[in-house]
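The next block holds one structure in the form of structure tokens; read it before the comments.
The values are calculated or read from the model by the stated rules, or taken from the named source; none is laboratory data. Bear in mind that the values here come from a model prediction, so they are computed numbers and not experimental data. A quick note on method: Cβ atoms are made from the backbone with ideal geometry, for glycine too, and the neighbour counts reach across all protein chains shown.
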Amino acid sequence: MESTGVNWVLAMLAGALLWSTSGSAAPMECHFNSRALCVYEGRQYSLGETWMDNACLQCTCLHPVGVGCCETVHRPVDFPAWCEVQVEPVTCKVSLVQTADRRLPCTPGEENRDPSHGSLKLQQQLEG
């Protein structure tokens, strides 16, 4: 019975740490690995400490129950099909670029809305 209570407390702590480390924006997706060690790039982390990896995931040490990681960037969802989301490693800067030439920015606007992609397609599916 006592180990069940400890597990419940650890689970609540894990949720609180993941929620509180997300900053001012809510994370898009979170993952929990119960077998992960609290080590990143050779450094050992203690319970409650966080680190940011090169994929813009903010991770929290939840030792002894594992590691929780959450995305820190919001990816746009309503853009033309000829554009794609680009996330710069380390800086986590998000931008829309043209699929044909990733050096060129994508500038969606009302005149460029593509009904086969993004929220217009979702709206059509809901109405249909």
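Structure notes:
- Residue list for the range 87-102, filter: loosely packed, with under 14 Cβ neighbours inside 10 Å and in contact (Cβ under 8 Å) with a residue 12 or more places away in the chain: P89, V90, T99, A100, R102
- Residue check, C92 under 26 Å from C106 (Cβ atoms), hydrophobic (A, V, I, L, M, F, W, C) and either part of a helix (DSSP H, G or I) or modelled with pLDDT of 85 or more (or both): yes
- Filter result (part of a loop (DSSP other than H, G, I, E, B) and in contact with a Phe, Trp or Tyr (Cβ under 6 Å, 6 or more places away or on another chain)) within the range 29-57: C38
- Within the range 58-75, being over 11 Å from the mean Cα position of the chain (by Cα) and assigned to a loop (DSSP other than H, G, I, E, B) holds for L62, H63, P64, V65, G66.
- Candidate set from the range 42-52 (those that are touching a residue at least 12 places away in the same chain (Cβ under 8 Å) and surrounded by 14 or more Cβ atoms within 10 Å (Cβ to Cβ)); member that is nearest to the chain's Cα centre (by Cα): M52
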